[in-house]
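The values are calculated or read from the model by the stated rules, or taken from the named source; none is laboratory data. On a predicted model such as this, the values are computed, not experimentally measured, just so you know. Don't worry about glycine lacking a Cβ; one is built from the backbone with ideal geometry, like all the others, and counts go over all protein chains shown. Heads up: the accessible areas ignore ligands, DNA and RNA and are worked out on the full protein's heavy atoms, side chains in. Shrake-Rupley method; radii C 1.70, N 1.55, O 1.52, S 1.80 Å.
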Amino acid sequence: GNVAGSVEVSGVLGFATGGVSLTVNGNMTIRSGGVFNPFFSSAGKVVTVNGSFINDGTTDLSKNSCVLTMGQGSGATTIGGSGAYTTGIVRTLVIDNANGVTLSAPLSVSFTLNLRNGTFTNGSNLTMNDKSFGNGSTPPNCLIQRSQSAQLAGPYTRGPTAALYISYVQNTAGADPDAAITEGQE
(Lines give C-alpha, C1' and ligand atoms only; values in the text may rest on other atoms or scores of the structure.)
Protein backbone atom coordinates (compact mmCIF):
# COMPACT_ATOMS: atom_id res chain seq x y z
CA GLY A 1 0.00 0.00 0.00
CA ASN A 2 0.90 3.66 -0.24
CA VAL A 3 1.60 5.78 2.85
CA ALA A 4 1.52 9.58 3.06
CA GLY A 5 1.61 12.31 5.71
CA SER A 6 -1.18 14.84 5.25
CA VAL A 7 -2.80 14.96 1.79
CA GLU A 8 -4.49 17.92 0.09
CA VAL A 9 -6.20 17.30 -3.25
CA SER A 10 -6.73 20.31 -5.52
CA GLY A 11 -6.70 18.44 -8.86
CA VAL A 12 -7.64 14.79 -9.45
CA LEU A 13 -6.23 11.96 -7.32
CA GLY A 14 -6.97 8.40 -8.46
CA PHE A 15 -5.40 4.94 -8.27
CA ALA A 16 -3.38 2.95 -10.80
CA THR A 17 -3.82 -0.73 -11.54
CA GLY A 18 -1.47 -1.89 -8.77
CA GLY A 19 -2.59 0.59 -6.13
CA VAL A 20 -4.24 -1.42 -3.38
CA SER A 21 -4.55 1.01 -0.49
CA LEU A 22 -3.68 4.46 0.79
CA THR A 23 -2.84 5.30 4.40
CA VAL A 24 -2.76 8.98 5.36
CA ASN A 25 -1.09 9.53 8.73
CA GLY A 26 -2.49 13.07 9.06
CA ASN A 27 -5.47 14.91 7.64
CA MET A 28 -6.90 14.30 4.16
CA THR A 29 -8.51 17.34 2.56
CA ILE A 30 -10.20 17.44 -0.83
CA ARG A 31 -10.29 21.15 -1.74
CA SER A 32 -13.12 22.85 -3.62
CA GLY A 33 -12.72 21.74 -7.26
CA GLY A 34 -10.61 18.74 -6.21
CA VAL A 35 -11.60 15.16 -7.09
CA PHE A 36 -10.67 12.06 -5.08
CA ASN A 37 -11.29 8.72 -6.86
CA PRO A 38 -10.00 5.83 -4.73
CA PHE A 39 -10.58 3.15 -7.36
CA PHE A 40 -9.26 1.77 -10.62
CA SER A 41 -11.87 0.92 -13.22
CA SER A 42 -14.68 -0.54 -11.09
CA ALA A 43 -12.46 -1.87 -8.26
CA GLY A 44 -12.63 0.24 -5.11
CA LYS A 45 -9.64 0.71 -2.86
CA VAL A 46 -9.07 0.94 0.90
CA VAL A 47 -8.29 4.39 2.31
CA THR A 48 -7.21 4.80 5.95
CA VAL A 49 -7.08 8.31 7.38
CA ASN A 50 -5.41 8.71 10.77
CA GLY A 51 -6.53 12.35 10.99
CA SER A 52 -9.61 14.20 9.78
CA PHE A 53 -11.25 13.62 6.38
CA ILE A 54 -12.54 16.90 4.93
CA ASN A 55 -14.31 16.71 1.57
CA ASP A 56 -14.91 20.16 0.07
CA GLY A 57 -14.64 18.80 -3.50
CA THR A 58 -15.93 15.55 -5.00
CA THR A 59 -15.16 12.10 -3.59
CA ASP A 60 -16.21 8.75 -5.09
CA LEU A 61 -16.31 6.05 -2.41
CA SER A 62 -19.25 4.27 -4.06
CA LYS A 63 -17.40 1.56 -6.01
CA ASN A 64 -17.42 -2.09 -4.98
CA SER A 65 -14.78 -2.71 -2.28
CA CYS A 66 -14.32 1.00 -1.42
CA VAL A 67 -13.57 1.36 2.29
CA LEU A 68 -12.91 4.54 4.23
CA THR A 69 -11.32 3.78 7.60
CA MET A 70 -11.03 6.52 10.17
CA GLY A 71 -7.98 5.16 11.98
CA GLN A 72 -6.01 5.96 15.09
CA GLY A 73 -5.51 9.70 15.23
CA SER A 74 -3.50 11.44 17.93
CA GLY A 75 -6.84 12.85 19.11
CA ALA A 76 -10.47 12.99 18.09
CA THR A 77 -10.99 13.39 14.33
CA THR A 78 -13.74 14.59 12.00
CA ILE A 79 -15.47 13.58 8.78
CA GLY A 80 -16.76 16.82 7.30
CA GLY A 81 -16.71 19.35 4.52
CA SER A 82 -19.19 20.87 2.12
CA GLY A 83 -18.37 18.67 -0.90
CA ALA A 84 -20.26 15.91 -2.66
CA TYR A 85 -19.99 12.12 -2.63
CA THR A 86 -20.64 10.40 -5.96
CA THR A 87 -24.13 8.84 -5.84
CA GLY A 88 -24.33 10.41 -2.36
CA ILE A 89 -22.72 7.51 -0.51
CA VAL A 90 -19.72 5.93 1.14
CA ARG A 91 -19.91 2.19 0.48
CA THR A 92 -18.14 1.04 3.67
CA LEU A 93 -17.09 3.19 6.64
CA VAL A 94 -14.91 1.88 9.47
CA ILE A 95 -14.51 3.81 12.74
CA ASP A 96 -11.31 2.69 14.48
CA ASN A 97 -10.13 5.68 16.55
CA ALA A 98 -10.21 5.21 20.34
CA ASN A 99 -10.26 9.03 20.67
CA GLY A 100 -13.50 9.25 18.69
CA VAL A 101 -14.72 10.47 15.30
CA THR A 102 -17.32 13.21 14.72
CA LEU A 103 -19.47 13.31 11.60
CA SER A 104 -20.10 17.01 10.88
CA ALA A 105 -21.70 16.75 7.41
CA PRO A 106 -24.46 14.54 5.98
CA LEU A 107 -23.22 11.11 4.92
CA SER A 108 -25.00 7.99 3.67
CA VAL A 109 -23.43 4.54 4.14
CA SER A 110 -24.76 2.00 1.64
CA PHE A 111 -23.22 -1.29 2.73
CA THR A 112 -21.37 -1.51 6.08
CA LEU A 113 -20.75 0.75 9.04
CA ASN A 114 -18.09 -0.99 11.14
CA LEU A 115 -17.78 0.51 14.63
CA ARG A 116 -14.51 -1.10 15.68
CA ASN A 117 -13.09 1.32 18.26
CA GLY A 118 -14.13 4.66 19.81
CA THR A 119 -17.29 6.76 19.82
CA PHE A 120 -18.79 7.76 16.47
CA THR A 121 -20.56 11.06 17.15
CA ASN A 122 -22.95 11.11 14.22
CA GLY A 123 -25.42 13.85 15.23
CA SER A 124 -28.28 13.82 12.73
CA ASN A 125 -25.89 13.38 9.79
CA LEU A 126 -25.84 9.59 9.29
CA THR A 127 -28.10 7.64 6.94
CA MET A 128 -27.94 3.88 6.37
CA ASN A 129 -29.39 3.18 2.93
CA ASP A 130 -28.64 0.08 0.83
CA LYS A 131 -30.65 1.29 -2.16
CA SER A 132 -28.30 4.13 -3.09
CA PHE A 133 -25.19 2.62 -4.65
CA GLY A 134 -22.34 3.18 -7.04
CA ASN A 135 -20.66 0.88 -9.54
CA GLY A 136 -21.53 -2.75 -8.92
CA SER A 137 -24.52 -4.62 -7.66
CA THR A 138 -26.88 -3.17 -5.10
CA PRO A 139 -25.90 -4.41 -1.63
CA PRO A 140 -28.44 -6.98 -0.43
CA ASN A 141 -28.68 -5.14 2.90
CA CYS A 142 -27.00 -2.64 5.19
CA LEU A 143 -24.94 -3.84 8.10
CA ILE A 144 -23.93 -2.08 11.29
CA GLN A 145 -21.17 -4.03 12.97
CA ARG A 146 -20.15 -2.95 16.48
CA SER A 147 -17.65 -4.16 19.06
CA GLN A 148 -17.53 -3.66 22.81
CA SER A 149 -14.85 -0.98 22.22
CA ALA A 150 -17.07 1.30 20.12
CA GLN A 151 -20.39 3.05 20.20
CA LEU A 152 -22.73 5.06 18.00
CA ALA A 153 -23.49 8.29 19.87
CA GLY A 154 -26.89 9.07 18.33
CA PRO A 155 -29.67 7.67 16.20
CA TYR A 156 -29.33 7.48 12.43
CA THR A 157 -31.80 7.68 9.56
CA ARG A 158 -32.68 4.41 7.82
CA GLY A 159 -33.39 4.57 4.11
CA PRO A 160 -37.07 3.96 3.33
CA THR A 161 -36.50 0.50 1.81
CA ALA A 162 -33.20 -0.46 3.48
CA ALA A 163 -32.91 -3.93 4.97
CA LEU A 164 -30.69 -3.31 8.00
CA TYR A 165 -28.82 -5.91 10.02
CA ILE A 166 -26.92 -5.43 13.28
CA SER A 167 -23.93 -7.57 14.20
CA TYR A 168 -22.03 -7.47 17.48
CA VAL A 169 -18.42 -8.62 17.27
CA GLN A 170 -15.63 -8.81 19.82
CA ASN A 171 -12.63 -6.52 19.34
CA THR A 172 -9.83 -8.60 20.86
CA ALA A 173 -7.44 -5.64 20.46
CA GLY A 174 -9.83 -3.29 22.29
CA ALA A 175 -9.24 -1.68 25.68
CA ASP A 176 -11.11 -4.49 27.45
CA PRO A 177 -11.37 -7.55 25.20
CA ASP A 178 -13.57 -9.33 27.76
CA ALA A 179 -16.10 -6.51 28.17
CA ALA A 180 -19.72 -7.33 27.47
CA ILE A 181 -21.22 -6.06 24.23
CA THR A 182 -24.42 -4.16 24.93
CA GLU A 183 -26.94 -2.66 22.56
CA GLY A 184 -26.66 1.02 21.78
CA GLN A 185 -28.01 3.54 19.26
CA GLU A 186 -27.68 1.05 16.43
Original post:
Which of Y156, V12, F120 sits closest to the plus end of the dipole of the chain, meaning its Cα is farthest towards the positive end, when Lys and Arg get +1 and Asp and Glu get -1 on the C-beta?
Top reply: V12
Original post:
Projected onto the charge dipole of the chain (+1 at Lys/Arg Cβ, -1 at Asp/Glu Cβ, origin at the Cα centre), which of T59, Q145, F40 gives the Cα projection farthest towards the positive end?
Top reply: F40
Subject >> Residue-wise HN-Hα coupling along segment 155-172, computed from phi with Karplus coefficients 6.51, -1.76, 1.60 (Hz; x: Gly, Pro) >> reply: x, 10, 9, 9, x, x, 10, 6, 8, 10, 10, 10, 10, 9, 10, 8, 9, 5
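Compute the accessible area per residue over the chain, keeping the other protein chains in place, probe 1.4 Å, unit Å². Walk me through the intermediate numbers first.
Details: 7950 Å² over 186 residues.
Solvent-accessible surface per residue comes out at 43 Å².
Among rounded, prolate and oblate, which fits segment 1-131 when a ≥ b ≥ c are the square roots of the eigenvalues of its C-alpha gyration tensor, a/c under 1.5 means rounded, and a/b larger than b/c means prolate? Walk me through the numbers before you get to the answer.
Details: a/c = 1.33, a/b = 1.17, b/c = 1.14.
The shape class here is rounded.
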Original post:
Placing +1 at every Lys and Arg Cβ and -1 at every Asp and Glu Cβ, with all other atoms neutral, what dipole size does the chain have around its Cα centre, in debye to the nearest 20?
Top reply: 360 debye
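Roughly to the nearest percent, how much of the accessible area of the chain is carbon and sulfur, given a 1.4 Å probe?
Carbon and sulfur together cover 49 percent of it.
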**OP:** Can you tell me the equivalent ellipsoid semi-axes for segment 1-57? Use √(5λ) from the Cα gyration tensor, largest first, whole Å.
**Re:** 17, 14, 8
